[in-house]
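Okay, structure first, notes after.
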Amino acid sequence: MMPTTRFQYLLLGPLLLILLTAGCAGGPDGPGLSGVYLTWDDVINRWIGKNRVDLQIEIGPPTFHQKEVDGMKELRWDMTIPTLPGMAEQYNTLPMYGFDVNCQLVFVVNENDIVVSGHRIGCD
């Protein structure tokens, strides 16, 4: 067996990092954990143009939902009410917020189940 050189270790480190990172996140178009969210605005912006079902896999089922007149649906997550967790909560990738903070995420979904807009209430 050949002795390991310093050059081989330098190549092995980045390769392992790439493999570990690729194995932990879902693809950009499919369901699965999308990665760490730094802010609540990141949560909203990451899901504009994506599928509602994948969103619910990521952050869990909405706390409230209502159907609008024009076929759009408003989905609301109250992050201060315990519900079934999504993958982001299970793996602690959501942003932190204080216990006394109102934090709601609101997404609007079109008739094709695509997220067309979103905003947050509180979450400061």
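Can you confirm whether VAL108 is in a helix (DSSP H, G or I) and modelled with pLDDT of 85 or more? Break it down stepwise before answering.
Values: in a helix (DSSP H, G or I): no; modelled with pLDDT of 85 or more: yes.
So VAL108 fails the test.
What's the number of the only condition in (1) surrounded by 13 or more Cβ atoms within 10 Å (Cβ to Cβ); (2) farther than 14 Å from ASN112 by Cβ that MET72 fails to meet?
Of (1) surrounded by 13 or more Cβ atoms within 10 Å (Cβ to Cβ); (2) farther than 14 Å from ASN112 by Cβ, only one is false for MET72: (2).
Out of all the residues in the range 75-101, which are surrounded by fewer than 16 Cβ atoms within 10 Å (Cβ to Cβ) and modelled with pLDDT of 85 or more?
Selection gives ARG76 alone.
Scan (1) in contact with a strand residue (DSSP E or B) (Cβ under 7 Å, 6 or more places away or on another chain); (2) surrounded by 12 or more Cβ atoms within 10 Å (Cβ to Cβ); (3) at pLDDT below 90 for the single condition LEU33 breaks and write down its number.
Unmet for LEU33, out of (1) in contact with a strand residue (DSSP E or B) (Cβ under 7 Å, 6 or more places away or on another chain); (2) surrounded by 12 or more Cβ atoms within 10 Å (Cβ to Cβ); (3) at pLDDT below 90: (1).
Return yes or no: is PRO61 touching a Cys at 6+ places or on another chain (Cβ under 8 Å) and surrounded by 12 or more Cβ atoms within 10 Å (Cβ to Cβ)?
On the way: touching a Cys at 6+ places or on another chain (Cβ under 8 Å): no; surrounded by 12 or more Cβ atoms within 10 Å (Cβ to Cβ): yes.
In short, no.
Hey, ILE81 hits all of (1) within 18 Å of GLY118 (Cα to Cα); (2) free of Cβ contacts under 8 Å to residues at least 24 places away in the same chain but one; which does it fall short on?
(1)
Among the residues in the range 117-124, are any surrounded by fewer than 17 Cβ atoms within 10 Å (Cβ to Cβ), out of contact with any strand residue (DSSP E or B) (no Cβ under 6 Å at 6 or more places or on another chain) and under 21 Å from LEU38 (Cα atoms)? Step through it out loud before you land on a result.
The initial filter retains those residues of the range 117-124 that are surrounded by fewer than 17 Cβ atoms within 10 Å (Cβ to Cβ), namely 117, 119, 121-122, 124.
So of that shortlist, the ones also out of contact with any strand residue (DSSP E or B) (no Cβ under 6 Å at 6 or more places or on another chain) come out as 124.
From what is left, the residues that are under 21 Å from LEU38 (Cα atoms) are 124.
Yes: the range 117-124 contains one or more residues that are surrounded by fewer than 17 Cβ atoms within 10 Å (Cβ to Cβ), out of contact with any strand residue (DSSP E or B) (no Cβ under 6 Å at 6 or more places or on another chain) and under 21 Å from LEU38 (Cα atoms).
Every residue in the range 36-53 that is among the small types (Gly, Ala, Ser) and either at pLDDT below 60 or crowded, with 16+ Cβ neighbours inside 10 Å (or both), please. Please lay out each step first, then the result.
To start, the set of residues in the range 36-53 that are among the small types (Gly, Ala, Ser) comprises 49.
Of everything in the range 36-53, nothing turns out to be among the small types (Gly, Ala, Ser) and either at pLDDT below 60 or crowded, with 16+ Cβ neighbours inside 10 Å (or both).
Looking at (1) modelled with pLDDT of 70 or more; (2) out of contact with any Asp or Glu (no Cβ under 9 Å at 6 or more places or on another chain), find the lone condition where PRO28 falls short.
Result: PRO28 passes all but (1).
The values are calculated or read from the model by the stated rules, or taken from the named source; none is laboratory data. Just so you know, these numbers come straight off a predicted model, no measurement behind them. All Cβ positions, glycine included, derive from the backbone under ideal geometry; neighbour counts span all protein chains shown.
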